[in-house]
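The values are calculated or read from the model by the stated rules, or taken from the named source; none is laboratory data. Quick caveat: nothing in here was measured; it's all calculated off a predicted structure. In this analysis, Cβ positions are derived from the backbone assuming ideal geometry, glycine residues included, and neighbour counts consider all displayed protein chains. Just so you know, the surface numbers come from the protein's heavy atoms only, side chains and all, with ligands and any DNA or RNA stripped out. Shrake-Rupley method; radii C 1.70, N 1.55, O 1.52, S 1.80 Å.
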Amino acid sequence: MKKTYLSFLFIFILLISSGCEIFVSEREPLLEVHFIDVGQGDASLIISPNDKTMLIDAGDNSKGREVVEYIKRQGVRKIDVLIGTHPHADHIGGMDDVINSFEIGEFYMPKKIHTTKTFEDVLLAAKSKGLTIKEAYEGREIDFDTNIDTRFLSPIKDKNYSDELNLYSAVVRIVYNEDSFIFMGDAEAPNEEDILKSFDDIKSDVIKLGHHGSSTSTTKEFLDKVSPYAAVVSAGYKNKYSHPHKEILTLLEENSISLYRTDEQGTVVFKSSGNEITVNQDPGSYIYRKGN
Ligand SMILES: [Zn+2]
């Protein structure tokens, strides 16, 4: 009997102390930016200090379930802002799974249709949830969270980029007090030129490089204006496009910009207090890998 009593006491003390621990380690009010490793593709999850959530892209069709599970593991039950940057499968392939798995607030995409089954699946998933798709265009503000300025820098409304789908990419910039992030989608040099013409201040501490670090994006002029301390490449290890390209790796190294890359490091998570950014990994390498 005595032994039972002691075990009970022990468990009781353990519960109290773990209770205290939970109280102490409650999530700090930080802005979290998760660059989820989806192989060759993009998926970025942003969680605000008030637990508002935004997802920019959802990886390829085969990655939808993984993206959903990753988001659930963060304790997220609702996506307040969902953005499909452009209709390519490595960005919106997993989006139907996301739409079917979570309550969705607002859903944004650029005004550009595509005739693939992947694109159709996204539209059908949105329709079945009763979601209307809001247009992503340059200058449009996103109602993400108070104290976090969130807006699209591209594409220009009604501009005809012909069938170059990458050029329709929704570019998103987030500013939380002193800290800022820019998400380029697959935007390329012509978009960067347009952004430079339209916006005076695009300074961002962290840039998710356009088009997986392809040399079709990230001009020197644009990078200088963004002036980041860190760049992120979301790409698959030894992908067939050889992303990130050598020119971009050299440009980053020459400008002493830390590079984080999902192909080497898996998922990379930044946390911002509004005046200080921390990251869960050391910077990755500038090694160029030719694809298979
Ligand atoms: Zn892409």
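Odds and ends about this structure:
- For the range 140-164, a tally of residues being open to solvent by less than 90 Å² (accessible area, probe 1.4 Å) and closer than 22 Å to residue 179 by Cβ returns 11.
- The residue that is nearest to residue 61 (Cα to Cα), among those in the range 27-38 that are modelled with pLDDT of 95 or more and open to solvent by 20 Å² or more (accessible area, probe 1.4 Å), is 37.
- Taken together, the criteria place residue 106 among residues that are under 23 Å from residue 155 (Cα atoms), open to solvent by 10 Å² or more (accessible area, probe 1.4 Å) and part of a strand (DSSP E or B).
- The sole residue among 112, 127 that is assigned to a loop (DSSP other than H, G, I, E, B) and either more than 16 Å from the ligand (Cβ to nearest atom) or modelled with pLDDT under 95 (or both) is 112.
- Looking across the range 211-227 at every residue that is among the β-branched types (Val, Ile, Thr) and assigned to a loop (DSSP other than H, G, I, E, B), the one that is farthest from the ligand (Cβ to nearest atom) is identified as 219.
- For the range 122-137, the criterion of being among the charged types (D, E, K, R), within 19 Å of the chain's Cα centre (by Cα) and open to solvent by 10 Å² or more (accessible area, probe 1.4 Å) is met by at least one residue.
- Residue in the range 234-253 that is surrounded by 15 or more Cβ atoms within 10 Å (Cβ to Cβ) and closer than 20 Å to residue 136 by Cβ present: yes
- Residues of the range 195-210 that are open to solvent by less than 30 Å² (accessible area, probe 1.4 Å), more than 16 Å from the ligand (Cβ to nearest atom) and not in a loop (DSSP other than H, G, I, E, B): 195, 206.
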